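Since the structure comes first, as structure tokens, the remarks are kept for the end.
The values are calculated or read from the model by the stated rules, or taken from the named source; none is laboratory data. Owing to the predicted nature of the structure, the values given are computational and were not obtained by experimental measurement. Cβ coordinates were reconstructed from backbone atoms using ideal geometry, including for glycine residues, and neighbour counts include every protein chain displayed. Note: accessible area is taken over every heavy atom of the protein model, side chains too, but ligands, DNA and RNA are not part of it. Shrake-Rupley method; radii C 1.70, N 1.55, O 1.52, S 1.80 Å.
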Amino acid sequence: QVQLVESGGGLVQAGGSLSVSCAASGLFFTISNMGWYRQAPGKQRELVAEIASDGSTNYADSVKGRFTISRDNAKNTVRLQMNSLKPEDTAVYYCHVYLRRTILSDRSEYWGQGTQVTVSS
């Protein structure tokens, strides 16, 4: 069983900073991409940032220059540092990973339970 446990998030004023972290646990062979998605009320879930196992990153245009994603491959964790937050960043943030359960397995995706980030104006 693979679990993604998220932490962080909360309430902050516009212009402030928050971080969210996610730890993957359970039995698996390797993790490839790790990332964060978000979903605001009435909107579709969207990619915020993702990071590959080699450290290469991809960001949504709306967060470039403000958010930074990082990972610790030894600890199977991914962190999203969010600076200069705006009210439009308010959403539930979901951790997402692609991993292989065994050396012979295809890649599977897993989601965290979500953590709320609220930015007040």
Q. Applying the selection to region 59-77, what residues are open to solvent by 40 Å² or more (accessible area, probe 1.4 Å), without any contact (Cβ under 8 Å) to a residue 40 or more places away in the chain and within 19 Å of A23 (Cα to Cα)?
A. T68, S70, R71, D72, A74
Q: Could you check, for region 42-58, whether at least one of its residues is touching a residue at least 40 places away in the same chain (Cβ under 8 Å), farther than 18 Å from Y110 by Cα and crowded, with 16+ Cβ neighbours inside 10 Å?
A: no
Q.
Being modelled with pLDDT under 95, at negative phi and hydroxyl-bearing (S, T, Y): is that true of S62 here?
A. no
Q. In region 59-83, how many residues are closer than 23 Å to D106 by Cα and acidic (D, E)?
A. 1
Q: Would you mention how many residues in region 92-121 are among the aliphatic types (A, V, I, L, M) and closer than 17 Å to L4 by Cβ?
A: 4
Q. Is it the case that S32 is of a type outside the set (V, I, T), exposed (fewer than 15 other Cβ atoms within 10 Å of the Cβ) and in contact with a Ser or Thr (Cβ under 9 Å, 6 or more places away or on another chain)?
A. yes
Q) Across region 85-117, what is the total count of residues that are hydroxyl-bearing (S, T, Y), surrounded by 14 or more Cβ atoms within 10 Å (Cβ to Cβ) and in a loop (DSSP other than H, G, I, E, B)? A) 1
**Q.** Search result, residues across region 7-29 that are open to solvent by 20 Å² or more (accessible area, probe 1.4 Å) and touching a Gly at 6+ places or on another chain (Cβ under 8 Å)
**A.** L18, S19, S21
Q. Regarding L80, is this residue assigned to a loop (DSSP other than H, G, I, E, B), crowded, with 16+ Cβ neighbours inside 10 Å and either touching a helix residue (DSSP H, G or I) at 6+ places or on another chain (Cβ under 6 Å) or in contact (Cβ under 8 Å) with a residue 40 or more places away in the chain (or both)?
A. no
**Q.** D54 vs. criteria modelled with pLDDT under 95 and more than 18 Å from Q3 (Cβ to Cβ)
**A.** yes
